[in-house]
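The values are calculated or read from the model by the stated rules, or taken from the named source; none is laboratory data. No experiment lies behind these values; they were computed from the predicted model shown. Every residue, glycine among them, receives a Cβ derived from its backbone with ideal geometry; neighbour counts consider all protein chains shown.
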Amino acid sequence: MVSQSELDLDTVRSILSEYKIHNADITLKYDATSDDLIDVVEGNRIYMPCIYLLNKIDQISIEELDVIYKIPHCVPISAHHKWNFDDLLEKMWEYLKLVRIYTKPKGQLPDYNSPIVLHADKTTVEDFCNKLHRSIAKEFKYALVWGSSVKHQPQKVGKEHVLADEDVVQIVKKV
């Protein structure tokens, strides 16, 4: 589908013959390397998103810093002066796709010090309950949610409700 700069038909055939694959349809949707093809055939590589930390921004000019900010997947910091650590932390949450959910015990203020951390793929109220303790989901009646995932503050929701980052949840159990 895309013209290849490194791989040609003979290279693909030789790589596949090494893995005893003699009859296959190969579709390349980007300009791949031979290492990319080997990784797909072996199926044992997992690529994680990365963030490049560029240290010592205290020793460069503002113009150079503006250029660095335009580089994708980069966070400029100064470890010595502890500059831009908030941006690094925000970028880490974004790249790891983590969501913070705060708990609120009945009659008390929400606990903003120790959130329950969920992966962005599993953010239902049921996932939240299972992260706290397995028995909570069995005794679950409904939950009160404050935050961006609901229209009203608070809103009564069921187990299937999908939570958003920094929502506050109060679980109500069956009596």
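In table form, for the structure just shown:
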quantity	calculated
Residue match in segment 34-43 (condition: free of Cβ contacts under 8 Å to residues at least 12 places away in the same chain, of a type in the set (Val, Ile, Thr), part of a helix (DSSP H, G or I) and over 15 Å from Asp87 (Cα atoms))	yes
Residues (in contact with an Asp or Glu (Cβ under 6 Å, 6 or more places away or on another chain) and either closer than 30 Å to Ile68 by Cα or in a helix (DSSP H, G or I) (or both)) located in segment 87-118	Val99, Arg100
Residue within segment 120-128 that is within 20 Å of the chain's Cα centre (by Cα) and aliphatic (A, V, I, L, M) present	yes
Residue within segment 57-70 that is at pLDDT below 95, surrounded by 13 or more Cβ atoms within 10 Å (Cβ to Cβ) and in a loop (DSSP other than H, G, I, E, B) present	yes
Filter result (among the β-branched types (Val, Ile, Thr) and under 21 Å from the mean Cα position of the chain (by Cα)) within segment 67-117	Ile71, Val75, Val99, Ile101, Ile116, Val117
Residue satisfying all of: in segment 129-168; β-branched (Val, Ile, Thr) and over 19 Å from Ser114 (Cβ atoms); farthest from the chain's Cα centre (by Cα) among these	Val157
Every residue from segment 9-26 that is assigned to a loop (DSSP other than H, G, I, E, B) and surrounded by 10 or more Cβ atoms within 10 Å (Cβ to Cβ)	Tyr19, Ile21, Ala24, Ile26
Test: Ile38 is surrounded by 13 or more Cβ atoms within 10 Å (Cβ to Cβ) and of a type in the set (A, V, I, L, M)	yes
Any hit, segment 77-86, residues being at pLDDT 90 or above, in a strand (DSSP E or B) and surrounded by fewer than 13 Cβ atoms within 10 Å (Cβ to Cβ)	no
One residue from Ile62, Ile136, Ile116 being outside the structural domain of Glu18 (by TED's automatic domain parsing) and in contact with a Ser or Thr (Cβ under 8 Å, 6 or more places away or on another chain)	Ile116
Residue pairs meeting the criteria (Cβ under 8 Å; at least 6 apart or on separate chains; first more than 23 Å from Asp121 (Cα to Cα), in segment 79-95; second part of a helix (DSSP H, G or I) and acidic (Asp, Glu))	His80/Asp58; His81/Asp58; Trp83/Asp58
Where a residue in segment 133-150 is of a type in the set (Phe, Trp, Tyr) and its partner, wherever it lies, is surrounded by fewer than 17 Cβ atoms within 10 Å (Cβ to Cβ) and modelled with pLDDT under 95, with Cβ under 6 Å and at least six apart	Tyr142/Val172; Trp146/Gln153; Trp146/Pro154
